[in-house]
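Q: Handing you this structure, nothing more for now.
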Amino acid sequence: MKEIRSILQQYDKIKSTNKKMALATVVYVEGSSYRREGARMLVVEDGTWIGGISGGCLEGDALRKAKNAIVKDQSSIVRYDTREEDAFQIGVGLGCNGIIDVLITPLGNETNNTINILKDCVNSRIANVLITFIDPVDRNSIGDMILGKENILQQHIGNQHIIDLLGIELDLIKEEQKSKIYRFEESGNFSKVFLEFLPPETRLILFGGNYDIYPLVDIANDIGWEATVVYNPQKVDKSLFDKAKVVSNKSKNLNFDRHTAAILMAHDYKTDMQNLQLLLDSDIGYIGMLGPKVRSQKIFNELSSSNINISKSDHLKIHAPIGLDTGATSPEEIAIAMVAEIRAFYSQRDGGFLRDRSETIHERP
């Protein structure tokens, strides 16, 4: 989400200069690739760009093709096959070993529908599915994007059979939480759309105000997470107000959803126990507790003795002690271990060594 936000900010700045722009989006990956489906790169006609579609090996060629698309005012799909041993093939010998399809869409100077949809999504707290047309479908051209909702499908697609097919796939995408190319047949013609699962920005809520929260807020900013600190604003360093989105001692006004991760790190037993009770009554997706396992178990036992039972589903989202087992000792190292575990949790990974993974790093079609 951070990359999309950066692209949108630059788009708004450049739009007033009347410079033309194009958006390059990875829509299909087969085999190995540094970036995955949904990676984006905003290209300006003067040759500048922001974002990225690979580890650096494809950006130069994509830049040239995007400038050409701007001149022609025409969208297209560019395929990079870095498996070939052709010395003239882009990306060969640079670490890639797969097929990458990139959709290049000129944006023009007028407000673009794609940009508006992305703006709506970055400010949304629900998961969205974006539908981008790879082939012309009904009233839609290559590069057109719509939001995957039934009422919007009805507005942009006249064929009810296509709407029904897409509706089934949208439900699967939301369940599996993975983007993919969907191919379907209509009247003997085969068409493709890119169904992109776009979850909300991860929200990190820190219950505490000691010095160990600062590296967590810094890391959250670096990776594009929204950081909130629940603590007395008068007792924190002023620099925190420039980094955290919210600094407040009022937790009741906060909204907790499944894409929100909270860390209990007040270093006070009663405070952490009270905050845990607050979170158990919410829809929060992840709860991390700082401190040894015996401390958290003591909290669980005390809550149970007060007839506050922690359900099996609650235990699945409670991580106590929080963090991957990295041997971290400093606040900065511990912060990395905690953030890494949260990322692994939402990715449904175990956070182990990649060298020990028997499967590919990313699922392949």
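The values are calculated or read from the model by the stated rules, or taken from the named source; none is laboratory data. What you see is a predicted model, and the numbers here were worked out from it, not measured in a lab. Here the Cβ positions follow ideal geometry from the backbone for every residue, glycine too, while neighbour counts run over all protein chains shown.
Q: Considering segment 21-44 alone, what residues qualify as being over 17 Å from Glu196 (Cβ atoms) and modelled with pLDDT of 90 or more?
A: Met21, Ala22, Val43, Val44
Q: Could you check segment 139-167 and list, in sequence order, the residues that are surrounded by 13 or more Cβ atoms within 10 Å (Cβ to Cβ) and either more than 27 Å from the chain's Cα centre (by Cα) or not assigned by TED's automatic domain parsing to the domain that holds Asn128 (or both)?
A: If the condition is that a residue be surrounded by 13 or more Cβ atoms within 10 Å (Cβ to Cβ) and either more than 27 Å from the chain's Cα centre (by Cα) or not assigned by TED's automatic domain parsing to the domain that holds Asn128 (or both), then Ile157, Asn159, Ile162 are the ones that fit.
Residues checked against (1) of a type outside the set (A, V, I, L, M, F, W, C); (2) at positive phi; (3) within 19 Å of the chain's Cα centre (by Cα):
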{"position": "Lys270", "(1), (2), (3)": "yes, no, no"}
{"position": "Leu278", "(1), (2), (3)": "no, no, no"}
{"position": "Arg295", "(1), (2), (3)": "yes, no, no"}
{"position": "Ala335", "(1), (2), (3)": "no, no, no"}
{"position": "Val339", "(1), (2), (3)": "no, no, yes"}
{"position": "Phe345", "(1), (2), (3)": "no, no, yes"}
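Q: Restricted to segment 221-241, and to residues that are small (Gly, Ala, Ser) and not in a strand (DSSP E or B), which residue is farthest from Ile336 (Cα to Cα)?
A: Filtering first and then ranking leaves Ser239.
Rundown of residues vs (1) at pLDDT 90 or above; (2) assigned to a helix (DSSP H, G or I); (3) among the hydroxyl-bearing types (Ser, Thr, Tyr), yes/no style:
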{"residue": "Cys57", "(1), (2), (3)": "no, no, no"}
{"residue": "Gly60", "(1), (2), (3)": "no, yes, no"}
{"residue": "Ala66", "(1), (2), (3)": "yes, yes, no"}
{"residue": "Glu85", "(1), (2), (3)": "no, no, no"}
{"residue": "Val92", "(1), (2), (3)": "no, no, no"}
{"residue": "Gly98", "(1), (2), (3)": "no, no, no"}
{"residue": "Val102", "(1), (2), (3)": "yes, no, no"}
{"residue": "Thr105", "(1), (2), (3)": "yes, no, yes"}
{"residue": "Asn116", "(1), (2), (3)": "no, yes, no"}
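Q: Filter segment 145-189 down to residues that are in contact (Cβ under 8 Å) with a residue 24 or more places away in the chain and in a strand (DSSP E or B), then give me how many there are.
A: 6
Q: In segment 248-271, how many are buried (at least 22 other Cβ atoms within 10 Å of the Cβ) and either in contact with a helix residue (DSSP H, G or I) (Cβ under 8 Å, 6 or more places away or on another chain) or not assigned by TED's automatic domain parsing to the domain that holds Pro331 (or both)?
A: 5
Q: Within segment 286-303, is there a residue that is assigned by TED's automatic domain parsing to the domain that holds Ala337, at pLDDT 95 or above, of a type in the set (A, V, I, L, M, F, W, C) and touching a Ser or Thr at 6+ places or on another chain (Cβ under 6 Å)?
A: Yes, there is a match, as at least one residue in segment 286-303 is assigned by TED's automatic domain parsing to the domain that holds Ala337, at pLDDT 95 or above, of a type in the set (A, V, I, L, M, F, W, C) and touching a Ser or Thr at 6+ places or on another chain (Cβ under 6 Å).
Q: Got a number for residues in segment 327-359 being part of a helix (DSSP H, G or I), over 23 Å from Thr202 (Cα atoms) and charged (D, E, K, R)?
A: 2
Q: For segment 51-75, which residues satisfy the criterion of being among the hydrophobic types (A, V, I, L, M, F, W, C) and buried (at least 17 other Cβ atoms within 10 Å of the Cβ)?
A: Ile53, Cys57, Leu58, Ala62, Leu63, Ala66, Ala69, Ile70, listed by residue number.
Q: Out of the residues in segment 6-52 meeting the condition of being farther than 19 Å from Ile223 by Cα and hydroxyl-bearing (Ser, Thr, Tyr), tell me which one is nearest to the chain's Cα centre (by Cα).
A: Among those that are farther than 19 Å from Ile223 by Cα and hydroxyl-bearing (Ser, Thr, Tyr), it is Thr25.
Q: While we're here: Identify all residues within segment 254-305 that are of a type in the set (Ser, Thr, Tyr), closer than 13 Å to His319 by Cβ and free of Cβ contacts under 8 Å to residues at least 40 places away in the same chain; write none if there are none.
A: Ser296, the sole residue that qualifies.
Q: Go through the residues of segment 119-127 one by one and say whether even a single one is crowded, with 19+ Cβ neighbours inside 10 Å, modelled with pLDDT of 90 or more and closer than 20 Å to Ile7 by Cβ.
A: yes
Q: For segment 250-304, which residues satisfy the criterion of being among the β-branched types (Val, Ile, Thr) and part of a helix (DSSP H, G or I)?
A: Residues satisfying the conditions are Thr271, Val294, Ile299.
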